[in-house]
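Take a look at the structure set out below.
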Amino acid sequence: MTISHSTFGLLGEQLSHSYSKIIHEHFGYEYNLFEVPLHELANFMLKREFSGLNVTIPYKQKVLPFCDVVDDIACKIGAANTLYFDNAGRLHATNTDYFGFIDALNFCDVDLSNKIITVFGFGGAARAIIFAAALHAKKIYIVSRSTAQPPDIQADIECIDFQSMSTAYESDMIINATPLGMFPNTMASPCDLSLFPNCEFVFDAVYNPIKTSLLEQACMLNIKNSSGLYMLAAQAAKSAEFFTGKHFDSSETVQNIYHILKNRL
């Protein structure tokens with residue numbers, strides 16, 4: 001695969017659902033979708049025939065060893081979604097999902113202070129969300145199919161599996177950071193919200209469809225909710241800033257992108 005060094009793009013395994021090309025071309029540069037199978041990842045990263053990358057499932061953790069510099073945020077989260085070069089040609093890894101999630105909560109006027117939160121998933125996006133939520137939350141439950149170890153951050157975090165999920169029924173907020181409900185498997189959902197009587201906000205990092213089964217149930221139960229669409233727009237704007245050195249992450253810019261995407265879904 002030959003790629004111009006002036007090209008930015010999204011690195012992932014299956015990208016047919018992605019809106020990243022639409023978003024990033026809004027910032028005035030060429031942007032491609034790089035579908036790379038796992039067995040070709042090392043070769044792709046070592047060639048470095050790109051000027052910057054966004055990274056999605058399943059490579060947010062796997063790209064870190066190929067970078068020259070991993071910043072504090074990406075290091076603490078243990079995952080990166082943005083790779084860029086400095087003037088010396090060193091490849092940096094950072095994480096803008098963290099900023100995107102915070103911006104999405106601000107857009108929804110949601111405060112995490114002293115809340116009990118259940119997060120489904122422990123992949124790259126989940127780690128960024130957990131890191132951001134831990135700054136203010138009272139307690140965080142991480143529900144994962146795999147045996148998860150709590151992140152090395154100052155917070156009350158408990159890792160549980162789906163069989164032990166009743167422990168988390170006290171939660172005030174539910175966050176889906178798994179692909180469950182993503183197109184084309186739109187009927188999937190990580191949980192039954194009726195089991196969480198205290199739930200007052202549901203966030204689904206999935207953005208296609210914009211109303212997942214989880215969010216449809218939240219609407220039926222009159223629970224405030226949000227898709228991951230605003231987070232997608234906000235993290236992209238922050239990534240564009242790293243790519244170009246220009247300032248793109250104003251709320252007006254992000255909201256314009258958000259509404260463009262929302263009208264397409």
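Yes or no: Ile210 surrounded by fewer than 18 Cβ atoms within 10 Å (Cβ to Cβ) and at pLDDT 95 or above? Show your work before the answer.
On the way: surrounded by fewer than 18 Cβ atoms within 10 Å (Cβ to Cβ): yes; at pLDDT 95 or above: no.
Answer is no for this residue.
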* Structure fact -> When every residue in segment 218-265 that is under 26 Å from Asp86 (Cβ atoms), at pLDDT 90 or above and among the hydroxyl-bearing types (Ser, Thr, Tyr) is compared, the one surrounded by the most Cβ atoms within 10 Å (Cβ to Cβ) is Ser239
* To do: Could you tell me which of the residues Ala234, Ala240 is closer than 23 Å to Asp111 by Cα, within 16 Å of the chain's Cα centre (by Cα) and not assigned by TED's automatic domain parsing to the domain that holds Cys108?
  => Ala234
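Here is a yes/no grid of residues against (1) more than 28 Å from Phe44 (Cα to Cα); (2) crowded, with 24+ Cβ neighbours inside 10 Å:
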residue	(1), (2)
Ala79	no, yes
Asn106	yes, no
Ser113	yes, no
Ile116	yes, no
Glu170	yes, no
Pro179	no, no
Ser189	yes, no
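Considering only segment 57-72, how many residues are more than 13 Å from the chain's Cα centre (by Cα) and under 23 Å from Pro179 (Cα atoms)? First the steps, then the outcome.
As a first pass, look at segment 57-72 and keep what is more than 13 Å from the chain's Cα centre (by Cα): 62-72.
Narrowing the set further to residues that are under 23 Å from Pro179 (Cα atoms) leaves 62-64.
Here the count works out to 3.
Give, as residue ranges, the helices (runs of 4 or more DSSP H) completely inside segment 60-169 that count at least 1 residues that are touching a strand residue (DSSP E or B) at 6+ places or on another chain (Cβ under 7 Å), in contact (Cβ under 8 Å) with a residue 40 or more places away in the chain and more than 23 Å from Ser20 (Cβ to Cβ). First the steps, then the outcome.
Values: elements: 72-77, 97-108, 124-133.
Passing ranges, in order: 124-133.
Does segment 36-49 include one or more residues that are outside the structural domain of Gly124 (by TED's automatic domain parsing) and assigned to a strand (DSSP E or B)? I'd like the intermediate steps shown before the answer.
Start the filter on segment 36-49 by keeping residues that are outside the structural domain of Gly124 (by TED's automatic domain parsing), which leaves 36-49.
Subset that is assigned to a strand (DSSP E or B): none.
Checked segment 36-49: no residue is outside the structural domain of Gly124 (by TED's automatic domain parsing) and assigned to a strand (DSSP E or B).
What residue, of Phe162, Phe122, Phe183, Phe131, is over 23 Å from Phe99 (Cα atoms) and surrounded by 13 or more Cβ atoms within 10 Å (Cβ to Cβ)? If you could, list the steps in order and put the result at the bottom.
On the way: Phe162 fails: surrounded by 13 or more Cβ atoms within 10 Å (Cβ to Cβ); Phe122 fails: over 23 Å from Phe99 (Cα atoms); Phe131 fails: over 23 Å from Phe99 (Cα atoms).
Within the list Phe162, Phe122, Phe183, Phe131, the selection yields Phe183.
The values are calculated or read from the model by the stated rules, or taken from the named source; none is laboratory data. Here the structure is a predicted model, which means the values were calculated and not measured. Neighbour counts run over all protein chains shown; Cβ positions are idealised from the backbone, glycine included.
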